[in-house]
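For reference, the structure is listed below as C-alpha cells.
Just so it is clear, none of the values below were taken in a lab; they were calculated from the coordinates. These numbers were taken from a predicted model, which means no experiment stands behind them. Note: ideal-geometry Cβ built from the backbone for every residue, glycine included; neighbour counts use all protein chains shown.
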Amino acid sequence: MPVDVGVIGRCFPDLTVDVERGRLRLFAKAIGETDPVYTDLAAARAAGHPDLPVPPTMLFGLELDQPDPYRWLDEIGVDLRHVLHGEQSFTYDALAYAGDRLTLSARVSDAYVKDGGRLSFVVRDTDVRRDATRIAAMRQVIVVRDTGGTS
C-alpha cells in the first residue's frame, strides 16, 4: 500500500545530542579521514578551530544515536522491511565541534508515489541547531516498495 501523503508536515520529537571527541575520532577513522584536524586537538586548534570539528556526514550518524532511530517510519506506517535509503543531502551553515550540544528537529516535508503506486517516496528534513544557530539542514529520501500485501 502506498504511503499516505497525509504524513506531510508530521513533526517528530527533537533529539538533543552531545558531540564527544572520542566519537568524532572513531567516525574519522571509520571513513578513512586522514586530516589530523579531525582527530588531534592540537592540530584542530592550530588550524583555527576551538575543538575538533564534526566531519560533514557525521550529523547523520548523530541522528542514529537514539534508542530506536527508525521509529519514525513505523509511526507513519512504513514497514522497514520494504525500505531503501534513496538519497541523503546536507546544507551547511556553520561548523559544529566537540563539546557542542546539538538539537535535531525532523519533519516529513513531502511524500509522493511513482511507478503506478509501486514505489512511495518519503522526504524527511532535519534541522540541526546549536542554541539558536542553525548548523545544517539534512534531507533524507526514503523509498518504500509496495509489496501488494506480501512480505
* When the range 102-139 is examined, which residues are found to be touching a residue at least 60 places away in the same chain (Cβ under 8 Å) and of a type in the set (S, T, N, Q)? -> Thr103, Ser105, Ser109, Ser120, Thr126
* **the range 1-48: number of residues that are part of a loop (DSSP other than H, G, I, E, B), over 30 Å from Gly117 (Cβ atoms), touching a strand residue (DSSP E or B) at 6+ places or on another chain (Cβ under 9 Å) and of a type outside the set (Asp, Glu)** => 3
* Asked: Looking at (1) within 18 Å of Pro55 (Cβ to Cβ); (2) assigned to a strand (DSSP E or B), can you tell me which one Ala94 breaks?
  -> (2)
* Within the range 66-85, track down each residue that is of a type in the set (D, E, K, R) and either part of a loop (DSSP other than H, G, I, E, B) or within 15 Å of Val141 (Cα to Cα) (or both). => Asp68, Asp79
